[in-house]
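This report refers to the structure that appears directly beneath it.
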Amino acid sequence: MATIQYCILSLALSLLIFWQAAEANESWLVKSECHNAMVPATCMKCLDTDHRTAGAVNAAGVATIVIGCVSKNADNLSGEMSQLAASSHDKGLVKALKDCCKLLDHSKKELAAACQKIDKGDFDGADHSVYSVFNYGVQCHSELDEAVKSSKVDVSPKVMSELKVHEQLCEAAMRMIDRLK
């Protein structure tokens, strides 16, 4: 009887030690990938909010999660910009906001393609897709800046901040993908 209890206790302790080691390894992987992405705070914030982070076992998994964050960010931005366009009376700003929404829609398709390419090991293709998304964000940012300058109407600081986060997350994903090549 004591032998069975000893075996069960040993098994439980072994599982606990293995679980803690795996958790520490995942934490190290996430921190390492975010540090190498050059925007660690933005990267960690993204990964901390995604439940899949705990299950990330390699750099490709972490990159896929960051791409998911870019996609969620694009959804949020598109929604906020649609609301701003509906409430604005400035034609130039409305056009810029609608153009941004279209660019963000294109981004969603490219981001889905990037995840598929990572799964297939096509890291060059994934990098190209995320780079396209980054460029869409930069183009949107430029159009909004021009519209604001010409109309003297301000865009919500939250939207401009989220655009910056969008660009940073794209940069993080591209750096992670580059390291996979």
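The values are calculated or read from the model by the stated rules, or taken from the named source; none is laboratory data. Fair warning: this is a prediction, and the values are worked out from it, not measured in the lab. Cβ sites come from the backbone with ideal geometry, for glycine too, and all protein chains shown count toward neighbours.
Tell me, which residue of the range 124-146 that is loosely packed, with under 15 Cβ neighbours inside 10 Å and polar (S, T, N, Q) is nearest to residue 75 (Cα to Cα)? Only one residue tops the list, namely 139.
Take residue 112 and decide whether it is surrounded by 15 or more Cβ atoms within 10 Å (Cβ to Cβ), assigned to a helix (DSSP H, G or I), small (Gly, Ala, Ser) and at negative phi.
In short, no.
Looking at the range 13-25, can you tell me whether even one residue there is at pLDDT below 90 and either of a type in the set (Asp, Glu) or under 14 Å from the mean Cα position of the chain (by Cα) (or both)? Yes - at least one qualifying residue is present in the range 13-25. Of the numbered criteria (1) farther than 17 Å from residue 167 by Cα; (2) at pLDDT 95 or above; (3) acidic (Asp, Glu), the one residue 75 fails is (1). Scanning the range 135-181 for residues that are part of a helix (DSSP H, G or I) and among the polar types (S, T, N, Q) yields 135, 139, 142, 150, 151, 161, 168. For the residues 61, 68, the requirement of being buried (at least 17 other Cβ atoms within 10 Å of the Cβ), modelled with pLDDT of 90 or more and over 17 Å from residue 171 (Cβ atoms) singles out 61. Taking the criterion of being under 15 Å from the mean Cα position of the chain (by Cα) and in contact (Cβ under 8 Å) with a residue 40 or more places away in the chain, the residues of the range 115-146 that qualify are 115, 118, 126, 127, 130, 131, 133, 134. Filtering the range 147-169 to residues that are surrounded by 12 or more Cβ atoms within 10 Å (Cβ to Cβ), under 15 Å from residue 84 (Cβ atoms) and touching a residue at least 24 places away in the same chain (Cβ under 8 Å) leaves 147, 148, 151, 153, 155, 156, 159, 162, 163. Sub-7 Å Cβ pairs linking a first residue in the range 50-66 that is assigned to a helix (DSSP H, G or I) to a second residue that is among the polar types (S, T, N, Q), at least 6 apart or interchain, are 65/53, ordered by first then second residue.
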